[in-house]
Amino acid sequence: MHIMRLNIVVTNTTALHIGSGRPGVVTDSGVVTTPLGEPFLPGSSLKGKLRSTAERLAPHLGLTACLLGTSPTDVDCCTDGEWAKENKDRLEDIRSEANPNKKRALIESVTCDVCRIFGSPVMASRLSISDGSVIKWEGIIQARDGVVIDRDSETTVRGLRFDYDVIPPGAQFQFSMELSDLDEAELALIGASLLYWRENLLLGGGTSRGLGRMRIESVEAWQVDLTKPEEKLGYLLHQEMQPISDWEALFQMYVDERLREVGSIA
(Lines give C-alpha, C1' and ligand atoms only; values in the text may rest on other atoms or scores of the structure.)
Protein backbone atom coordinates (compact mmCIF):
# COMPACT_ATOMS: atom_id res chain seq x y z
CA MET A 1 0.00 0.00 0.00
CA HIS A 2 1.28 3.45 -0.95
CA ILE A 3 0.31 6.68 0.84
CA MET A 4 1.16 10.20 -0.31
CA ARG A 5 0.58 13.33 1.75
CA LEU A 6 0.65 16.91 0.49
CA ASN A 7 0.62 20.16 2.45
CA ILE A 8 -0.53 22.93 0.13
CA VAL A 9 -0.51 26.71 0.65
CA VAL A 10 -2.72 28.85 -1.60
CA THR A 11 -3.31 32.61 -1.89
CA ASN A 12 -6.42 34.32 -3.20
CA THR A 13 -5.28 36.79 -5.87
CA THR A 14 -8.78 38.27 -6.15
CA ALA A 15 -11.48 38.75 -3.52
CA LEU A 16 -12.96 35.47 -2.26
CA HIS A 17 -16.56 34.65 -1.36
CA ILE A 18 -17.38 31.17 -0.05
CA GLY A 19 -20.90 31.65 1.23
CA SER A 20 -21.99 30.52 4.66
CA GLY A 21 -25.66 30.31 3.68
CA ARG A 22 -26.41 32.98 6.28
CA PRO A 23 -26.40 36.79 6.25
CA GLY A 24 -23.19 38.54 7.21
CA VAL A 25 -22.99 41.08 10.02
CA VAL A 26 -24.01 43.91 7.67
CA THR A 27 -24.59 42.12 4.35
CA ASP A 28 -27.12 39.79 2.73
CA SER A 29 -24.57 36.97 2.31
CA GLY A 30 -21.77 36.13 4.73
CA VAL A 31 -18.67 34.02 4.21
CA VAL A 32 -17.75 30.83 6.06
CA THR A 33 -15.71 31.51 9.19
CA THR A 34 -14.50 29.61 12.24
CA PRO A 35 -16.01 30.27 15.69
CA LEU A 36 -13.15 32.77 16.13
CA GLY A 37 -14.28 34.70 13.07
CA GLU A 38 -11.41 33.63 10.81
CA PRO A 39 -12.13 32.62 7.21
CA PHE A 40 -11.34 29.09 6.04
CA LEU A 41 -11.62 26.93 2.95
CA PRO A 42 -14.05 24.01 3.50
CA GLY A 43 -12.45 20.69 2.66
CA SER A 44 -15.65 19.71 0.86
CA SER A 45 -15.28 22.72 -1.46
CA LEU A 46 -11.65 21.88 -2.20
CA LYS A 47 -12.44 18.21 -2.84
CA GLY A 48 -15.40 19.10 -5.05
CA LYS A 49 -13.26 21.48 -7.09
CA LEU A 50 -10.51 18.86 -7.44
CA ARG A 51 -13.09 16.31 -8.55
CA SER A 52 -14.55 18.61 -11.21
CA THR A 53 -11.04 19.36 -12.48
CA ALA A 54 -10.26 15.63 -12.62
CA GLU A 55 -13.51 14.96 -14.50
CA ARG A 56 -12.52 17.45 -17.21
CA LEU A 57 -9.01 16.06 -17.58
CA ALA A 58 -9.82 12.33 -17.30
CA PRO A 59 -10.72 11.74 -20.99
CA HIS A 60 -7.39 13.25 -22.08
CA LEU A 61 -5.60 10.61 -20.00
CA GLY A 62 -7.71 7.72 -21.29
CA LEU A 63 -9.73 7.53 -18.06
CA THR A 64 -13.49 7.51 -17.49
CA ALA A 65 -15.68 10.00 -15.64
CA CYS A 66 -19.43 9.63 -15.08
CA LEU A 67 -19.85 13.35 -14.17
CA LEU A 68 -22.12 12.21 -11.29
CA GLY A 69 -24.99 11.84 -13.71
CA THR A 70 -25.23 15.62 -14.25
CA SER A 71 -24.83 15.37 -18.01
CA PRO A 72 -25.21 12.57 -20.56
CA THR A 73 -22.19 10.25 -20.77
CA ASP A 74 -21.64 6.75 -22.09
CA VAL A 75 -19.97 5.75 -18.82
CA ASP A 76 -21.83 3.24 -16.64
CA CYS A 77 -21.24 4.08 -12.98
CA CYS A 78 -23.14 3.27 -9.80
CA THR A 79 -22.78 6.91 -8.65
CA ASP A 80 -25.21 7.95 -11.39
CA GLY A 81 -28.63 7.88 -9.70
CA GLU A 82 -30.51 6.78 -12.81
CA TRP A 83 -28.05 3.95 -13.50
CA ALA A 84 -28.28 2.83 -9.86
CA LYS A 85 -32.09 2.67 -10.05
CA GLU A 86 -31.99 0.61 -13.22
CA ASN A 87 -29.37 -1.78 -11.78
CA LYS A 88 -30.62 -2.07 -8.20
CA ASP A 89 -30.46 -5.88 -8.16
CA ARG A 90 -26.93 -5.86 -9.55
CA LEU A 91 -25.78 -3.52 -6.78
CA GLU A 92 -27.41 -5.72 -4.13
CA ASP A 93 -25.55 -8.73 -5.51
CA ILE A 94 -22.28 -6.80 -5.22
CA ARG A 95 -22.99 -5.79 -1.62
CA SER A 96 -23.79 -9.39 -0.66
CA GLU A 97 -20.72 -10.92 -2.35
CA ALA A 98 -18.63 -12.70 0.31
CA ASN A 99 -15.38 -13.19 -1.62
CA PRO A 100 -13.26 -10.01 -1.10
CA ASN A 101 -11.32 -10.28 -4.35
CA LYS A 102 -14.42 -10.99 -6.41
CA LYS A 103 -16.30 -8.21 -4.64
CA ARG A 104 -13.55 -5.70 -5.44
CA ALA A 105 -13.59 -6.72 -9.11
CA LEU A 106 -17.38 -6.38 -9.24
CA ILE A 107 -17.24 -2.94 -7.61
CA GLU A 108 -14.61 -1.72 -10.06
CA SER A 109 -16.72 -2.99 -12.97
CA VAL A 110 -19.52 -0.55 -12.06
CA THR A 111 -17.38 2.41 -10.98
CA CYS A 112 -15.77 5.01 -13.25
CA ASP A 113 -12.11 5.93 -12.79
CA VAL A 114 -12.88 9.25 -11.11
CA CYS A 115 -15.29 7.67 -8.61
CA ARG A 116 -12.70 5.01 -7.77
CA ILE A 117 -10.55 7.84 -6.43
CA PHE A 118 -13.19 10.14 -4.94
CA GLY A 119 -15.63 7.51 -3.71
CA SER A 120 -19.00 6.06 -4.68
CA PRO A 121 -21.97 4.36 -2.96
CA VAL A 122 -20.05 1.06 -3.01
CA MET A 123 -16.46 2.27 -2.65
CA ALA A 124 -14.86 4.51 -0.03
CA SER A 125 -12.87 7.53 -1.14
CA ARG A 126 -9.11 7.10 -1.36
CA LEU A 127 -8.49 10.83 -1.31
CA SER A 128 -9.07 13.10 1.67
CA ILE A 129 -8.67 16.87 1.98
CA SER A 130 -8.69 18.87 5.19
CA ASP A 131 -10.22 22.29 5.68
CA GLY A 132 -7.88 25.07 4.63
CA SER A 133 -6.96 27.12 7.70
CA VAL A 134 -5.95 30.76 7.25
CA ILE A 135 -2.28 31.44 8.03
CA LYS A 136 -2.13 35.04 6.80
CA TRP A 137 -4.81 37.66 6.18
CA GLU A 138 -5.60 41.32 6.82
CA GLY A 139 -8.04 40.48 9.59
CA ILE A 140 -10.95 42.21 7.86
CA ILE A 141 -13.98 41.10 5.86
CA GLN A 142 -15.10 43.54 3.18
CA ALA A 143 -18.64 44.21 1.93
CA ARG A 144 -19.39 44.47 -1.78
CA ASP A 145 -22.50 45.61 -3.60
CA GLY A 146 -24.21 43.66 -6.37
CA VAL A 147 -27.09 44.28 -8.74
CA VAL A 148 -29.57 42.01 -10.50
CA ILE A 149 -29.35 42.03 -14.31
CA ASP A 150 -32.37 41.39 -16.54
CA ARG A 151 -31.06 38.93 -19.12
CA ASP A 152 -33.51 40.04 -21.78
CA SER A 153 -32.94 43.78 -21.56
CA GLU A 154 -29.36 43.44 -20.25
CA THR A 155 -30.06 46.26 -17.80
CA THR A 156 -30.22 46.41 -14.02
CA VAL A 157 -33.53 45.63 -12.34
CA ARG A 158 -34.63 48.62 -10.29
CA GLY A 159 -34.92 47.99 -6.59
CA LEU A 160 -33.12 44.64 -6.68
CA ARG A 161 -29.73 45.17 -5.10
CA PHE A 162 -27.78 42.93 -2.77
CA ASP A 163 -24.48 42.93 -0.92
CA TYR A 164 -22.12 40.19 0.18
CA ASP A 165 -18.97 39.61 2.21
CA VAL A 166 -15.57 38.92 0.63
CA ILE A 167 -12.10 38.11 1.90
CA PRO A 168 -9.68 40.69 0.42
CA PRO A 169 -6.90 39.46 -1.90
CA GLY A 170 -3.67 38.26 -0.33
CA ALA A 171 -4.98 35.84 2.30
CA GLN A 172 -3.07 32.58 2.57
CA PHE A 173 -4.62 29.23 3.46
CA GLN A 174 -3.02 25.87 4.18
CA PHE A 175 -4.64 22.46 3.74
CA SER A 176 -3.49 18.86 3.55
CA MET A 177 -4.35 16.12 1.06
CA GLU A 178 -3.80 12.39 1.48
CA LEU A 179 -3.83 9.87 -1.36
CA SER A 180 -4.17 6.21 -0.40
CA ASP A 181 -3.07 3.36 -2.66
CA LEU A 182 -3.56 5.11 -6.01
CA ASP A 183 -2.08 3.41 -9.06
CA GLU A 184 0.10 5.28 -11.58
CA ALA A 185 -2.82 6.22 -13.85
CA GLU A 186 -4.75 7.63 -10.89
CA LEU A 187 -1.67 9.53 -9.68
CA ALA A 188 -1.35 10.95 -13.19
CA LEU A 189 -4.93 12.24 -13.02
CA ILE A 190 -4.50 13.86 -9.60
CA GLY A 191 -1.12 15.19 -10.66
CA ALA A 192 -2.54 16.72 -13.84
CA SER A 193 -5.29 18.35 -11.77
CA LEU A 194 -2.82 19.86 -9.28
CA LEU A 195 -0.54 21.07 -12.07
CA TYR A 196 -3.59 22.71 -13.66
CA TRP A 197 -4.42 24.31 -10.30
CA ARG A 198 -1.11 26.18 -10.13
CA GLU A 199 -2.62 29.19 -11.92
CA ASN A 200 -6.20 28.11 -12.68
CA LEU A 201 -7.87 27.40 -9.34
CA LEU A 202 -11.21 29.16 -8.85
CA LEU A 203 -13.11 28.78 -5.57
CA GLY A 204 -16.40 29.99 -4.16
CA GLY A 205 -19.10 32.14 -5.69
CA GLY A 206 -18.90 34.92 -8.23
CA THR A 207 -16.02 33.44 -10.20
CA SER A 208 -17.61 34.64 -13.45
CA ARG A 209 -17.34 38.16 -12.00
CA GLY A 210 -13.67 37.77 -11.16
CA LEU A 211 -13.94 36.50 -7.60
CA GLY A 212 -12.19 33.47 -6.16
CA ARG A 213 -9.01 33.24 -8.22
CA MET A 214 -6.37 31.31 -6.27
CA ARG A 215 -2.67 30.60 -6.75
CA ILE A 216 -0.66 27.70 -5.33
CA GLU A 217 2.24 29.18 -3.36
CA SER A 218 3.96 26.04 -2.11
CA VAL A 219 3.55 22.28 -1.84
CA GLU A 220 5.36 19.99 0.57
CA ALA A 221 5.01 16.29 -0.21
CA TRP A 222 5.83 12.98 1.45
CA GLN A 223 5.17 9.34 0.64
CA VAL A 224 5.48 5.93 2.26
CA ASP A 225 5.44 2.41 0.82
CA LEU A 226 3.85 0.12 3.40
CA THR A 227 5.04 -2.98 1.54
CA LYS A 228 8.57 -2.13 2.75
CA PRO A 229 8.97 -3.33 6.37
CA GLU A 230 11.29 -0.51 7.45
CA GLU A 231 9.01 2.21 6.06
CA LYS A 232 5.92 0.50 7.47
CA LEU A 233 7.40 0.35 10.97
CA GLY A 234 8.42 4.01 10.95
CA TYR A 235 5.01 5.06 9.70
CA LEU A 236 3.04 2.99 12.21
CA LEU A 237 5.17 4.05 15.19
CA HIS A 238 5.98 7.67 14.36
CA GLN A 239 4.01 8.60 11.21
CA GLU A 240 7.36 8.87 9.40
CA MET A 241 7.19 9.40 5.64
CA GLN A 242 9.83 9.93 2.96
CA PRO A 243 10.06 13.53 1.66
CA ILE A 244 9.47 14.23 -2.04
CA SER A 245 11.94 16.88 -3.18
CA ASP A 246 10.09 18.03 -6.33
CA TRP A 247 6.35 17.37 -6.38
CA GLU A 248 5.88 18.97 -9.81
CA ALA A 249 8.52 16.79 -11.45
CA LEU A 250 7.08 13.64 -9.85
CA PHE A 251 3.53 14.31 -10.98
CA GLN A 252 4.71 15.46 -14.42
CA MET A 253 6.48 12.10 -14.76
CA TYR A 254 3.23 10.24 -14.00
CA VAL A 255 1.33 12.43 -16.48
CA ASP A 256 3.91 11.97 -19.25
CA GLU A 257 4.01 8.20 -18.75
CA ARG A 258 0.22 8.01 -18.89
CA LEU A 259 0.09 10.10 -22.06
CA ARG A 260 2.60 7.77 -23.69
CA GLU A 261 0.45 4.78 -22.72
CA VAL A 262 -2.64 6.27 -24.38
CA GLY A 263 -0.62 7.46 -27.38
CA SER A 264 -1.03 11.20 -26.84
CA ILE A 265 2.72 11.88 -26.92
CA ALA A 266 5.65 10.06 -28.48
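The values are calculated or read from the model by the stated rules, or taken from the named source; none is laboratory data. Please read these numbers as outputs of a predicted model, since none were measured by experiment. All Cβ positions, glycine included, derive from the backbone under ideal geometry; neighbour counts span all protein chains shown.
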**Prompt:** Given the residues 132, 210, 170, which is the only one that is surrounded by fewer than 15 Cβ atoms within 10 Å (Cβ to Cβ), modelled with pLDDT of 95 or more and of a type outside the set (A, V, I, L, M, F, W, C)?
**Reply:** 170
**Asked** Can you find even one residue in segment 92-106 that is buried (at least 18 other Cβ atoms within 10 Å of the Cβ), among the small types (Gly, Ala, Ser) and at pLDDT 85 or above?
**Response** no
**Fill in**
Quick count over segment 4-51, residues being assigned to a helix (DSSP H, G or I) and surrounded by fewer than 16 Cβ atoms within 10 Å (Cβ to Cβ), is 2
**Prompt:** Can you tell me which residues in segment 91-122 are under 14 Å from residue 186 (Cβ atoms), in a loop (DSSP other than H, G, I, E, B) and touching a Cys at 6+ places or on another chain (Cβ under 8 Å)?
**Reply:** 111, 112
**Prompt:** Within the set of pairs 6+ apart or on separate chains, which have a first residue in segment 11-37 that is closer than 26 Å to residue 219 by Cα, a second that is surrounded by 11 or more Cβ atoms within 10 Å (Cβ to Cβ) and of a type in the set (Lys, Arg), and C-beta atoms under 6 Å apart?
**Reply:** 11/215; 13/213; 13/215; 14/213
